[in-house]
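Notes for the one structure printed next.
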């Protein structure tokens with residue numbers, strides 16, 4: 001008669017010991033997925049609670065005449081991979097959004113989207129908003145700029161930056177009409 005193996009030498013006992021050993025080792029090691037997920041959650045919570053750092057130029061914009069006149073209210077913002085931050089604002093005019101991009105205490109870009117929800121098109125208040133915004137960002141409000149806006153803002157374009165700009169101070173001014181919106185952009 002064949003001699004039976006000792007119980008601790010049987011295959012199922014060895015398998016059970018290996019599995020229990022792996023579980024114990026796994027519980028002792030830090031969980032890298034959990035840590036990165038926790039870090040991502042914390043960073044997104046921090047962005048909601050603490051918007052991106054304000055450069056002095058952003059504080060100046062937010063306390064300037066444009067934001068006072070149109071009641072700018074910070075809406076959202078995020079840090080950019082290339083550096084700097086992007087910020088959006090709600091203003092007192094319905095169906096209009098304002099944004100700025102800033103880096104190293106300098107506004108590098110700014111824009112307005114005016115959505116045509118009534119089908120009427122732009123009215124005088126909309127044009128004045130654009131003029132005030134361009135003046136706030138560039139420091140200039142000229143008759144050339146007004147003529148450029150009036151003659152080009154109704155020209156259809158699929159992308160704002162495919163249009164021909166007008167140089168206004170340090171910025172290039174772009175204007176165009178999208179499908180349902182009028183677009184204004186200032187870019188260094």
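The values are calculated or read from the model by the stated rules, or taken from the named source; none is laboratory data. Please read all numbers here as calculations on a predicted model, not as lab measurements. Cβ: placed from backbone, ideal geometry, glycine included. Neighbour counts: every protein chain shown.
Residue by residue, here is whether (1) within 23 Å of residue 180 (Cβ to Cβ); (2) in a strand (DSSP E or B); (3) in contact (Cβ under 8 Å) with a residue 12 or more places away in the chain; (4) under 12 Å from the mean Cα position of the chain (by Cα) holds:
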| position | (1), (2), (3), (4) |
| --- | --- |
| 60 | no, no, no, no |
| 69 | no, no, yes, no |
| 78 | no, yes, yes, yes |
| 81 | no, no, no, yes |
| 86 | yes, yes, yes, yes |
Of the residues that make up region 8-20, is at least one out of contact with any strand residue (DSSP E or B) (no Cβ under 9 Å at 6 or more places or on another chain), part of a helix (DSSP H, G or I) and modelled with pLDDT under 75?
-> yes
Breaking point among (1) within 25 Å of residue 64 (Cβ to Cβ); (2) loosely packed, with under 11 Cβ neighbours inside 10 Å, for residue 113 | (2)
Restricting region 128-158 to residues that are assigned to a loop (DSSP other than H, G, I, E, B) and touching a strand residue (DSSP E or B) at 6+ places or on another chain (Cβ under 8 Å), the residue that is surrounded by the most Cβ atoms within 10 Å (Cβ to Cβ) = 153
